[in-house]
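Peer 1: Submitted below is the structure of interest, expressed as structure tokens.
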Amino acid sequence: MRRWTSVVAFLAATAIVAGCTGGGGAATGSVPSEPAASAPASEPAASASGSAAADSAACNPPRQEGVTLTFVSFGGVYQEAQRKAWLAPYTELTGVQFTEDENSSNATIKAQVEAGQVTWDVVDVGNDFGLDANKDLLEPLDYTLIPRDEVLENLGAGDYRVPDITYGVVLGYNTDKTAGKVPAGWADFFDTAKIPGKRGAWDYSEGGLFEFALMADGVKPADLYPLDLPRATKKLDTIRNDLVFWASGAESQELIGSGEVAMTMIWNGRAWSAKNTDKKPVEIQWNQQIVTADYLVVPKGSPNKDAAMKFIAYTICAENNAKPSQYIPYGPTNTKAEPAADKKADLSVTNADENSAYFDDEWLVNNFDAVDAAYKEWKSR
């Protein structure tokens with residue numbers, strides 16, 4: 001987790017520079033949400049001239065008439081931002097057409113690969129997928145095309161995944177429902193006497209709910225791992241009857257915007273959209289957020305592997321990587337890319353501080369069965 005400190009410092013600085021200069025899911029079952037762990041290195045870093053050539057090729061792919069890629073992400077405003085920033089321009093540039101699915105799921109990738117019936121080509125996944133433990137399910141990425149040397153090294157780019165955006169899992173609250181009270185952090189999320197109302201939570205074991213329960217119970221963000229699962233479930237018991245579970249980002253946005261819940265764990269882009277697009281009384285408490293990232297992977301046996309690599313290279317290159325931030329406050333992962341100036345203040349990394357937490361991706365991947373079993377056992381009580 002410590003590896004993220006330098007990442008946050010760099011990205012925050014990038015966001016500030018951009019602001020000054022005018023620069024730029026329904027996950028269910030065995031599924032992810034989003035950051036990084038140390039992954040094995042692929043090719044050695046390219047020379048300066050080689051890097052420039054690779055970046056030029058990444059940003060300027062050839063025409064590929066007759067190719068259709070299946071792109072899979074988490075739907076809603078996030079996938080719409082990806083569509084506007086990456087998919088539509090790529091079609092115009094290369095002729096490649098896209099079929100989309102809005103139900104990214106680790107379990108679906110696994111099922112397709114094991115059945116030998118892979119229909120997905122490029123999949124946006126969360127932080128708890130794409131490491132060495134998943135290598136039998138994924139194609140090695142082509143780093144002769146993808147500019148890996150430009151990606152923030154501590155985000156966990158590896159042989160099988162590359163980070164495409166940064167974001168935060170935050171505490172969103174409906175100001176009408178909290179009656180002017182501002183929750184200070186996750187302790188207030190669990191205190192329904194202090195601030196009454198239902199609480200929203202992602203119905204996924206590795207999405208952050210255990211981490212938030214532990215922080216509410218006094219565990220420091222730097223000391224979350226290994227997760228104390230009995231302590232976390234005991235804390236969750238205190239608000240069991242007040243929890244409303246959501247299965248997609250769109251659902252979380254609707255729950256907090258409508259006031260069905262007074263507070264919810266939510267991806268910062270969804271909370272921003274509830275406030276700025278839906279015009280609902282929604283605000284974000286950044287204290288004790290989890291700073292993380294999403295990743296692009298190619299399922300093993302993809303029918304369009306080579307074309308998938310070219311598209312991923314296009315999304316990661318400096319010229320294009322920050323373009324989704326024009327539509328939603330999710331930050332770039334390429335060190336040369338600048339987020340949209342008007343979204344700078346709303347980026348997770350801009351609001352990160354010593355109280356921010358970070359997923360330990362490798363621990364979560366290696367301990368998924370135990371974490372998921374604890375979650376399911378707790379829900380079934």
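Peer 1: For Asp278, indicate whether it is in a strand (DSSP E or B) and among the charged types (D, E, K, R).
Peer 2: no
Peer 1: Of everything in the range 290-307 that's of a type outside the set (A, V, I, L, M) and assigned to a strand (DSSP E or B), which residue is farthest from Leu171 (Cα to Cα)?
Peer 2: Pro299
Peer 1: Scan the range 179-200 residue by residue and report those that are under 12 Å from Thr238 (Cβ atoms), basic (Lys, Arg) and outside any strand (DSSP E or B).
Peer 2: The answer is none; no residue qualifies.
Peer 1: Something else now. Determine whether the range 322-330 contains at least one residue that is touching a Lys or Arg at 6+ places or on another chain (Cβ under 6 Å), within 30 Å of Pro61 (Cα to Cα), open to solvent by less than 10 Å² (accessible area, probe 1.4 Å) and not aromatic (Phe, Trp, Tyr).
Peer 2: Yes, the range 322-330 has at least one match.
Peer 1: Right, something else. Filter the range 99-146 for residues that are open to solvent by less than 60 Å² (accessible area, probe 1.4 Å) and hydroxyl-bearing (Ser, Thr, Tyr) and give the result.
Peer 2: Ser104, Ser105, Thr108, Tyr143 - these are the residues of the range 99-146 that are open to solvent by less than 60 Å² (accessible area, probe 1.4 Å) and hydroxyl-bearing (Ser, Thr, Tyr).
Peer 1: Now a separate question. Kindly indicate the residue of the range 86-111 that is β-branched (Val, Ile, Thr) and part of a helix (DSSP H, G or I) and also farthest from the chain's Cα centre (by Cα) among those meeting that condition.
Peer 2: Thr94
Peer 1: Please go through the range 325-351 and give me each residue that is under 20 Å from Gly76 (Cα atoms) and among the polar types (S, T, N, Q), ordered by number.
Peer 2: Answer for the range 325-351, where residues must be under 20 Å from Gly76 (Cα atoms) and among the polar types (S, T, N, Q): Ser325, Gln326, Ser348.
Peer 1: Find the residue count for the range 295-313, including only residues that are open to solvent by 10 Å² or more (accessible area, probe 1.4 Å) and either at positive phi or of a type in the set (Ser, Thr, Tyr) (or both). Let's see the steps before the verdict.
Peer 2: Within the range 295-313, the first condition is being open to solvent by 10 Å² or more (accessible area, probe 1.4 Å), and the residues that meet it are 300-307, 310.
So of that shortlist, the ones also either at positive phi or of a type in the set (Ser, Thr, Tyr) (or both) come out as 301-302.
So the answer is 2.
Peer 1: Quick one: in the range 237-261, of everything that is farther than 27 Å from Glu102 by Cα and in contact with a Lys or Arg (Cβ under 9 Å, 6 or more places away or on another chain), which residue is least open to solvent (accessible area, probe 1.4 Å)?
Peer 2: The residue in question is Ile239.
Peer 1: Suppose we filter the range 155-176 for residues that are open to solvent by less than 10 Å² (accessible area, probe 1.4 Å) and in contact with a Leu (Cβ under 6 Å, 6 or more places away or on another chain); how many remain?
Peer 2: Number satisfying all stated conditions: 3.
The values are calculated or read from the model by the stated rules, or taken from the named source; none is laboratory data. Since we're looking at a predicted model, the values are computed, not measured. FYI the Cβ positions are ideal-geometry reconstructions off the backbone, even for glycines, and counts take in every protein chain you see. The area values use the complete protein model at the heavy-atom level, side chains included, leaving out ligands, DNA and RNA. Shrake-Rupley method; radii C 1.70, N 1.55, O 1.52, S 1.80 Å.
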